[in-house]
């Protein structure tokens, strides 16, 4: 099929602009965890969008921000490395928040990618009226012009009610180069299962915590294998994971009184893991302290950052 198009689209934006929610909606399945906590995304998550006329490899990236830790610096570097090697840059702007300093910082950065087409996606349109949305579209257009370039497209979208999702897909495919599919049609992500499982555990742990604790949580899956004494008809997947925090006080919060909070985290994570993998799961989560790991190069490397 000569008019088939495929390629990579990097989704960027400051924290909490709806990047991961949009990625999941476009893929049609959960490939990136979501939370109302800043810096929820810590990896470049690749989700696959398949259509008869094209294939999009969406790369959901961490939110660009002014870093206060070595982890923050590395996440920003990851995003900038990612957008330097894609076919399209898609920047997200939430409809219910004004264009601000964080948006201007990113717009200045991507201005240097002169040969890479750029699309603006105004997310969360279900939260505002038509007048507010129109004002936001004008502000987004103005942002690019002040940096000496124009968006190839500006598209308002709601991942919640599905408004313009197919428009986004068609627009992105039209911007990609002609070429064959890069991945088999049945795949939704190229992330290793261990990474996706760790992310689902972290997502469950983020629910309900506040202050500095969300930034201090990291999860590593140590072992994941089918239990040997079970038949093929009744499989059970054993998963052993470590949830890392930075201080004793944080460990106490995550575990909760009598271990109750950790139990809730485990139940929520196990439900989502079983849904993703399609197999019953035994999940064992142990909480460990990695002192100030966000600022320690050796510990960051050990935790996969």
Folded to 0 to 90 degrees: helix 260-277 orientation relative to the chain principal axis, Cα: 60
At R0 = 45 Å, FRET efficiency that the Cβ-Cβ distance of residue 126 and residue 249 yields, to 0.05: 0.70
Dimensions in Å of the chain - Rg and Dmax from alpha carbons: 20.2, 65
Ascending count of other beta-carbon atoms within 10 Å, so fewest first, for 296, 103: 296, 103
In degrees, nearest ten, helix 165-175 long axis to first principal axis of the chain (Cα): 70
The chain, helix-only ellipticity at 222 nm - DSSP H runs n ≥ 4, -39,500 (n - 2.57), divided by all residues, nearest 500: -11000 deg cm²/dmol
Label point 7 Å beyond Cα of residue 174 along Cβ direction - residues of region 6-21 with amide nitrogen under 20 Å: 6-11
Residues 202, 51 arranged by fewest to most Cβ contacts within 10 Å: 51, 202
Rg(Cα) / (2.2 N^0.38 Å) computed for region 5-175, rounded to two decimals: 0.94
Förster-model FRET efficiency, 25 Å R0, residue 225 and residue 29, C-beta, rounded to 0.05: 0.55
Nitroxide proxy distance, nm - points 7 Å out along Cα→Cβ at residue 166 and residue 52: 1.2
Extension reserve of the residue 115-residue 257 stretch, reckoned as 0.36 nm per residue once the Cα distance is removed: 45.6 nm
Extended-chain gain in nm, criterion 0.36 nm per residue less alpha-carbon gap, residue 288 and residue 271: 3.8 nm
In degrees, nearest ten, helix 70-83 long axis to first principal axis of the chain (Cα): 40
Computed Kirkwood radius, in angstrom, where 1/r is averaged over Cα pairs of region 193-302: 14.5
Per-pair calculated FRET efficiency, R0 = 45 Å: residue 302 and residue 234 via Cβ, rounded to 0.05: 0.80
Most mobile listed residue (94, 180, 117) in the chain, GNM with C-alpha springs under 10 Å: 180
Order of 149, 293 under a 10 Å beta carbon neighbour criterion, fewest first: 149, 293
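Every number in this text was worked out from the coordinates using simple rules, so none of it is lab data. What you see is a predicted model, and the numbers here were worked out from it, not measured in a lab. Quick reminder, even Gly has a Cβ in these numbers, built from the backbone with ideal geometry, and neighbours come from all protein chains shown.
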